[in-house]
Amino acid sequence: MENEINIEQKYIKNVDNLVPRPDLAFDVLSMAHNANCNFKELANKIERDPNLTANMLRLANSAYFGHMRAITSVKDIIVRLGLETVKLLAITSASVGLMKSPQEAYNLEPGSLWYHSHATAVLASVICQFAKIGDAGAIYTAALLHDIGKVLLNKPLQVAISNIKIKPEKKFSSLVELEYSLLQTDHAKVGEALLEKWGLSEQISQPVGDHHSPEKLESVDMGSKIVYLANFLVESIGIRSMSPENYTFNIQEFIDQNQILPDVPNFQANMENIMEEFFTQFNETTNIC
Ligand SMILES: [Fe+2]
Ligand SMILES: [Fe+2]
């Protein structure tokens, strides 16, 4: 176990070199999730980064957040949309910068990881609505950041793939198996370790660590079940780009092929409505950031 922890630490060590302003994005993420968050300080911090501020304002003015009149400042968002919405906007906007770059080792073009992550977060929040989960903020964030480990493992995996000769007959049944074979860990575990390092709560880090562990599904918390389910569905649809109108999804086919799904209240019976609501919300938000 100790050995395993050291491996994840090795990969998260260089995170500060990966994104332009990691200090600010990370601070915003951890401040927004602190129970004693001072919103004036949060607003001041956000406004120090013009890109983050611009993303937040675009999102705040979108139909997705139900806004009718022009919002022109971060403080405006707090006053008009409420503190909970500010948290979600801050987290979403901070994540865009972290995930828009290409992740070559995973065959992810520029923007692909962001669209996949954003789709997973939107779907997780719709599943939460139907499951009547009161505080869905942590689940939304976990869904948004579930593949953040790919940002950290992209370079090491590229190097490992080019250096180590994999026997042609060696086939990996999953991406996680490939990661384990070459790096002795996977992007779910590295993502979990990173979120712990940032000081985010277990409600957020745990679902990230569990999102490729179907064998744990019976015993994990509802947050892990919902993030697993949302990621699994988004992967099944194959969302990787900004043209969601091109995606189709056959619910019956999906149910026929996937007998083992986590037990989430009101999911199976409402699947058609959930997917319809998801596509509407995803279409509305996907080109904003
Ligand atoms: Fe993943
Ligand atoms: Fe994913």
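The values are calculated or read from the model by the stated rules, or taken from the named source; none is laboratory data. Every value quoted in this text rests on a predicted model; they were computed, and no experiment measured them. Cβ placement follows ideal geometry from the backbone for every residue including glycine, while neighbour counts extend to all protein chains displayed.
Descriptive notes on the structure:
- Which numbered condition residue 166 misses (of (1) modelled with pLDDT under 90; (2) within 17 Å of the chain's Cα centre (by Cα); (3) not basic (Lys, Arg)): (2)
- Residue within region 238-249 that is modelled with pLDDT under 85, surrounded by fewer than 18 Cβ atoms within 10 Å (Cβ to Cβ) and within 15 Å of ligand 1 (Cβ to nearest atom) present: yes
- Scanning region 129-153 for residues that are of a type in the set (Asp, Glu) and either modelled with pLDDT of 90 or more or in a helix (DSSP H, G or I) (or both) yields one hit, 147.
- Scan of region 214-240 for residues that are within 18 Å of residue 109 (Cα to Cα) and part of a helix (DSSP H, G or I), ordered by number: 234, 235, 237
- Beta carbons closer than 7 Å, at least 6 apart along the sequence or on distinct chains, never pair a first residue in region 140-156 that is within 13 Å of residue 118 (Cβ to Cβ) and without any contact (Cβ under 8 Å) to a residue 60 or more places away in the chain with a second that is outside any helix (DSSP H, G or I) and within 12 Å of ligand 2 (Cβ to nearest atom).
Every residue, every condition in (1) over 28 Å from residue 41 (Cβ atoms); (2) in contact with an Asp or Glu (Cβ under 7 Å, 6 or more places away or on another chain), yes or no:
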| position | (1), (2) |
| --- | --- |
| 70 | no, no |
| 73 | no, no |
| 96 | no, no |
| 110 | yes, no |
| 117 | no, yes |
| 121 | no, no |
| 125 | no, no |
| 133 | yes, no |
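- Within region 106-129, the set of residues being more than 14 Å from the chain's Cα centre (by Cα) and crowded, with 22+ Cβ neighbours inside 10 Å comprises 126, 127, 128.
- When each of 230, 269 is tested for being within 16 Å of the chain's Cα centre (by Cα) and at pLDDT 80 or above, the lone residue that passes is 230.
- Among (1) assigned to a loop (DSSP other than H, G, I, E, B); (2) surrounded by 23 or more Cβ atoms within 10 Å (Cβ to Cβ); (3) among the aromatic types (Phe, Trp, Tyr) - the single one residue 172 does not satisfy: (2)
- Only residues that are hydrophobic (A, V, I, L, M, F, W, C) and either surrounded by fewer than 19 Cβ atoms within 10 Å (Cβ to Cβ) or within 13 Å of ligand 2 (Cβ to nearest atom) (or both) were counted in region 184-193, giving 1.
- Residues being away from ligand 1 (no atom under 16 Å from the Cβ), free of Cβ contacts under 8 Å to residues at least 12 places away in the same chain and part of a loop (DSSP other than H, G, I, E, B) - total across region 74-128: 3
- Going through (1) away from ligand 1 (no atom under 13 Å from the Cβ); (2) of a type in the set (D, E, K, R); (3) in contact (Cβ under 8 Å) with a residue 60 or more places away in the chain one by one, residue 189 falls short only on (1).
- Residue selected from region 194-216 under the condition out of contact with any Ser or Thr (no Cβ under 8 Å at 6 or more places or on another chain) and among the hydrophobic types (A, V, I, L, M, F, W, C), by the criterion nearest to ligand 2 (Cβ to nearest atom): 208
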